[in-house]
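This report refers to the structure that appears directly beneath it.
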């Protein structure tokens, strides 16, 4: 399958339980896909150089997933070919007191990159309609009753609309938003959690809270499906990619990032005749001295 096969743009609903989590028949051609990933990473570097020089568009890459789906390793292995000078990585964890005193999009908006740069959001403002919804945390917000006393369903429908509006705003102001959900199976998550417990070098990755969240795996899957269906648009679609085999996940993510960079403005700035004349003069001086 191609990366585009995992696209949701609002024309059809998403149901995680019906979507693949594994590589399927692609397992037979694993070396081929690994070679394609390496080629994509190399091309990403070339495209980013021109994208940075052009400076007319910004790119936000959102990675969402349940625990142990491989977000960190995806960033490491796929984005490693990008020039760090033009990339920032933001991990959105539990909001601070300052962040809670602002609207829920405030901290994400602060992390937007300048045009010509790329921001990678390891989790994002989507946590505010996922974790918050699963744990019913909106009741703890210090907000006026007119915003909170509307029922849980209406509260989050409003947030879905606000997210769609925000992403349309970004698109209309020169930013592309690439949204990727890494779809890991319940069985593979269990396997990776056990690895984190059994391998000393991975112990630091495991927390007892992971078990509490895992107990709500099916609830998360239902709400994630709803969130993707409600916030996928033609300009800012979602891509729900299988995450049980990391080599396949990396291939698909590298395809998506490469294709997005191809679609961005990436022309090296053209010099005026006057500027070219000055360059020729500089060259002459350098060659003489």
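Of everything in the stretch 1-16 that's in contact with a helix residue (DSSP H, G or I) (Cβ under 6 Å, 6 or more places away or on another chain) and part of a loop (DSSP other than H, G, I, E, B), which residue is farthest from residue 248 (Cα to Cα)?
Result: 13.
Hey, any hits in the stretch 184-195 for a residue that's outside any helix (DSSP H, G or I) and either within 10 Å of residue 67 (Cα to Cα) or under 21 Å from the mean Cα position of the chain (by Cα) (or both)?
Scanning the stretch 184-195, I find at least one residue that is outside any helix (DSSP H, G or I) and either within 10 Å of residue 67 (Cα to Cα) or under 21 Å from the mean Cα position of the chain (by Cα) (or both), so the answer is yes.
Can you find even one residue in the stretch 70-90 that is within 23 Å of residue 165 (Cβ to Cβ) and at pLDDT 95 or above?
Yes, some residue in the stretch 70-90 is within 23 Å of residue 165 (Cβ to Cβ) and at pLDDT 95 or above.
Just to be sure before I move on: is residue 95 more than 20 Å from residue 253 (Cβ to Cβ) and in a loop (DSSP other than H, G, I, E, B) in the structure I sent?
In short, yes.
Just to be sure I understand, how many residues within the stretch 199-234 are in a loop (DSSP other than H, G, I, E, B) and surrounded by 16 or more Cβ atoms within 10 Å (Cβ to Cβ)?
Summing the residues that are in a loop (DSSP other than H, G, I, E, B) and surrounded by 16 or more Cβ atoms within 10 Å (Cβ to Cβ) in the stretch 199-234 gives 3.
Based on what the data block shows, is residue 119 under 30 Å from residue 266 (Cα atoms) and in a helix (DSSP H, G or I)?
no
Restricting attention to the stretch 24-44, and to residues there that are surrounded by fewer than 19 Cβ atoms within 10 Å (Cβ to Cβ) and touching a helix residue (DSSP H, G or I) at 6+ places or on another chain (Cβ under 7 Å), which single residue is modelled with the lowest pLDDT?
26
Count, please, the residues in the stretch 45-84 that happen to be over 28 Å from residue 105 (Cβ atoms) and surrounded by 15 or more Cβ atoms within 10 Å (Cβ to Cβ).
Residues flagged as over 28 Å from residue 105 (Cβ atoms) and surrounded by 15 or more Cβ atoms within 10 Å (Cβ to Cβ) within the stretch 45-84 amount to 5.
For residue 178, indicate whether it is part of a helix (DSSP H, G or I), at pLDDT 95 or above and within 22 Å of residue 77 (Cβ to Cβ).
Here the answer is no, as residue 178 does not meet what is asked.
Given the criteria within 22 Å of residue 165 (Cβ to Cβ), free of Cβ contacts under 8 Å to residues at least 12 places away in the same chain and surrounded by fewer than 18 Cβ atoms within 10 Å (Cβ to Cβ), does residue 123 qualify?
Taking the combined requirement at face value, the residue does not satisfy it.
The values are calculated or read from the model by the stated rules, or taken from the named source; none is laboratory data. Note that the structure is predicted; figures quoted are calculated from it, not measured. Please note: Cβ atoms are built from the backbone with ideal geometry, for glycine as well, and neighbour counts cover all protein chains shown.
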